[in-house]
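Every number here is computed from the coordinates shown, using simple stated rules; none is lab data. Keep in mind that this is a model prediction, so the values were computed, not measured. Cβ atoms come from the backbone with ideal geometry, glycine included; neighbour counts cover every protein chain shown.
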Amino acid sequence: MFSDIRVSVFYSRLGLEHAVYWLYDHYDSLPSLAQLRQLNGRRFLTLHESMNESAFRDLIDDADMYLSLFTIKPIGNKAAHRNRGSITKEAVLTAVEQLYGFLLQLAANYQDEIPHVKPFDVTLIPVSNSAISQKEQQNLQEEILHEKTKLQKLTLQLPEERAAFDAERSAFRAKREEKSEAAKIKTEDWTEEDTRIRLIDVLPREAGWDPQDGAVSEYEITGLPMPAFPSGRGKADYVLWDDDHKPLAVIEAKKTIKSPENGKHQAKLYADGLERKFGKRPVIFYSNGFTTWLWEDHFYPPRKLMGFLSKEALQRIQHKKVSRVHPQTIAPNH
């Protein structure tokens, strides 16, 4: 993890992929990989599609755990398709920690005995000064491709091989009935700053924003109402800016243990303050790192998203606002 963060997230995503596909072939409530392939025109489903299957969502009955898996996937994708500099150590730590929690759940649910669980401890990860060579990175990518090919071949097994897998899946069915609270990553003690660094920072990066940019994070807004803001001032966690230096969106982050709804009203007050100052109302996001909501409060109710939007997507929303025409003002064509 410390010697080459890109390799670390490669393996985090690969580990997640193996775990998700293993569940499909070992749990009775899920279709097998072969069945999924038949249902989708003999096309092998991607990791994202597999995780979005309704049966898989129902199986992972911990909402926070399910959503945390989607913080691993985009970091791994970034490692595969972008340069090393686009990946932060905080993002890598997030991926490794969330994968650790997911694999603990698998161990607790599918072993004969619930394992002895230790909290995630980053100090136990070995520190090495030797960075991986370019040749080793190439070998790693080839290894990942080889593993994906092997996974795809699993979907083409003969009927008698499928029967063996089905028997193994049935043997594991009863083991999931016992679950251990100790096998969960505890986020109760995370502060809002921890939530931003470990979880929420990942999502704007994936949409093309840089949360470490001084023009994006911790923007002070004045003229806020009392008594919510005794000084009349407050700092929005993030403000996403347009090319004309006017706000496109405001983001309010809350601790993971809290509902993102707790930040809804505060985010609206920030949007009010930004609109008064710049004459342009930003779109509102509020999130606790696991769940993110988008709110165009003058037109639509809040809707849940898997992340934040790019500058281009936010610009389209703002353009729709100013180009909106009331139907009664439109003259009929003759």
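Close amide H partners of Val283, meaning residues 5 or more places away or on another chain with modelled amide H under 5 Å apart, are Ala249, Val250. If R0 equals 30 Å, the separation of the Cβ atoms of Gln212 and Arg324 corresponds to a calculated FRET efficiency of about 0.30. Karplus-based coupling profile of segment 67-75, in residue order and whole Hz: 5, 5, 5, 7, 7, 6, 4, x, 5, with θ = phi - 60° in 6.51 cos²θ - 1.76 cosθ + 1.60 and x standing for Gly or Pro. Computed from the C-beta positions of Lys277 and Asp58, the FRET efficiency with R₀ = 30 Å rounds to 0.05. The amide H of Trp241, built 1.01 Å from its N in the peptide plane, has Leu248 as neighbours under 5 Å, considering only residues 5 or more places off or on other chains. Measuring between alpha carbons in the structure, the pairs from Lys254/Lys321; Lys268/Lys304; Lys235/Lys320; Lys246/Lys320 lying more than 23 angstrom apart are Lys254/Lys321; Lys235/Lys320. The order of the peptides 315-325, 91-101 by mean Cβ neighbours within 10 Å, most packed first, is 91-101, 315-325.
Are there any chymotrypsin sites (Phe, Trp or Tyr not before Pro) in segment 270-334 that are in a DSSP loop and have at most 16 other Cβ atoms within 10 Å? List them by number.
Filter output for segment 270-334: Phe299.
Find the all-direction average of the projected area of the Cα convex hull for segment 192-323, expressing the result in square nanometres with one decimal place.
Numbers: hull surface 30.3 nm².
Over all viewing directions, segment 192-323 projects a mean Cα-hull area of 7.6 nm².
Please identify the chymotrypsin sites (Phe, Trp or Tyr not before Pro) of segment 1-57 that satisfy two criteria: DSSP loop assignment and at most 15 other Cβ atoms within 10 Å. Which are they? Please list the in-between numbers first.
Working: sites: Phe2, Phe10, Tyr11, Tyr21, Trp22, Tyr24, Tyr27, Phe44, Phe56; in loops: Phe2, Tyr27, Phe44.
Sparse-neighbourhood loop chymotrypsin sites (Phe, Trp or Tyr not before Pro): Phe2.
Within segment 12-77, the trypsin sites (Lys or Arg not before Pro) that combine a DSSP coil assignment with at most 13 other C-beta atoms in a 10 angstrom radius are Arg42, Arg43.
Computed 3J(HN,Hα) for segment 219-227, one whole-Hz value per residue from the Karplus formula 6.51 cos²θ - 1.76 cosθ + 1.60 where θ = phi - 60°, is 8, 7, 10, 10, x, 7, x, 9, x, glycine and proline marked x.
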